[in-house]
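Asker: Shown below is the structure under consideration.
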Amino acid sequence: DAKGKQVANVRDTIRVKLGEANAAQLGRRHFQYDTGFTLPPGRYQLKFLARENRTGKMGTFETTFDVPDLSRDTRSLRLSSVVWSSQREPLEAAVGAAESKKQLLASHPLVHDGQKFVPSITRVFRKDQNLYVYFEVYDPALDPAQKAPSLAASLSFFRGRTKAFESTPVQVTQAAASRQRAFPFQFQIPLSPLGPGPYTCQVNVVDEVGKKFSFPRARLVLLP
C-alpha cells in the first residue's frame, strides 16, 4: 500500500495442459494469467514475478494502481473500470488452472454462462473481430414505484471530433445474480464497418432515476 506494507499476496503453480492440437502452437501463443484480491480504497503497488520451472527463466513486472473510494462521491455515478476485449473463451478451453482460481469463478465479474472475457492489454483490434465491452454500475437510484433502477448505456466511436459510430442503447434493470449491488453491462460490437486507424471510444452511461451520468473514454487502435 502507500506505506509500503504488504496487504495481500498469492502464489500459484500453473500446470499447462498440452494436447496435440495446442502443443504445436506453444511457441507462437501467449498465456494470460489472472487472480483476484479484495482491497480497501487506496493506492497500491503491484509486483508480479513469473518463473518457468523447467528452465528456471523468470520475468518481473511492477505497476501502481488506485482503488477509488466510491462511497465518498455521492454526486457521480458509481462505475467500475471498463473492460475491453476481442475474445470470449470457454472456461474448459484454458490450458492451465490454479486451485485458488476455481474458488473465484462463482463471483468473477468477467465469467458469464461458462465463458470468460479475456481483457485486451493493448486495446489494439482487427476489423475481422468483435469488440466486447463490459462494466458495472454500483448502487444506482431506485424508482419508488418499481423498486428497481433504470440504467441506459451506449458506445460512441470518434475519429478526431467526428463521430464514426454509435451503438444501440442498452437498458439494464436487473442486478448481477451473485452481487446484488452491481448492475452489469455487456456490449458486442462488430468492427468490420469501421475503417482502420485510431479511435476514441466513449461509454455513455445514464442513471435515469438518479439523474447521474458518466462518460469514460479510452483510446483504441483498429488494424486492417
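Asker: Take T173 and Q146, extend 7 Å from each Cα along the Cα→Cβ direction, and tell me the distance between the two endpoints in nm.
Answerer: 0.4
Asker: Keeping to pairs on different chains or 8 or more places apart, tell me how many lysine pairs in the chain have Cα atoms under 30 Å apart.
Answerer: 27
Asker: Compute the orientation-averaged projected area for the chain from the convex hull of its Cα atoms and round it to one decimal in nm². Intermediate results must be reported in sequence, preceding the final value.
Answerer: Details: hull surface 61.5 nm².
Value for the chain: 15.4 nm².
Asker: Now, a different point. Calculated FRET efficiency, Q180 and T38, Cβ-Cβ r, R0 25 Å, to nearest 0.05?
Answerer: Working: r = 17 Å, r/R0 = 0.66.
For R0 = 25 Å, the calculated efficiency reads 0.90.
Asker: Next up: So how far apart, in nm, are the two label points at K47 and E89 if each is 7 Å from Cα heading toward Cβ?
Answerer: Rounded to a tenth, the inter-label distance reads 2.8 nm.
Asker: If you don't mind, there's one more thing I want to ask. Have a look at the DSSP beta bridges in segment 74-223 and tell me what percent are antiparallel, nearest 5. Write down the numbers at each step before the final one.
Answerer: Details: 46 of 49 bridges.
Antiparallel bridges: around 95 percent, rounded to the nearest 5.
Asker: Scanning the chain for trypsin sites (Lys or Arg not before Pro) in DSSP loops with at most 11 other Cβ atoms within 10 Å, what's the longest stretch left with none?
Answerer: Segment 76-146 is the longest.
Asker: Which is farthest toward the positive dipole end of the chain among V124, P149, P216, measuring Cα position about the Cα centre, with Cβ charges +1 (Lys, Arg) and -1 (Asp, Glu)?
Answerer: Highest projection toward the positive end goes to V124.
Asker: What dipole magnitude, in Debye to the nearest 20, does the chain give about its Cα centre under +1 on Lys/Arg Cβ and -1 on Asp/Glu Cβ? Could the numbers behind the result be given before it?
Answerer: Values: 32 positive and 20 negative charges, 127 e Å.
My answer is approximately 600 debye.
Asker: Still on this structure, I have one more. Sum -39500 (n - 2.57) across every DSSP H segment of at least 4 residues in the chain, then divide by the residue count to get the 222 nm mean residue ellipticity, nearest 500.
Answerer: Helix-only estimate at 222 nm: -500 deg cm²/dmol.
Asker: While we're on this one: In the chain, once you exclude exposed chymotrypsin sites (Phe, Trp or Tyr not before Pro) (DSSP loop, at most 16 other Cβ within 10 angstrom), what's the longest stretch remaining?
Answerer: Longest gap between qualifying sites, sites excluded: 38-224.
Each reported figure results from applying straightforward, stated rules to the coordinates on display, with no laboratory input. Predicted model only: the values in this text are computed from it and were never measured. Note that we place each Cβ from the backbone using ideal geometry, even for glycine, and neighbour counts take in every protein chain shown.
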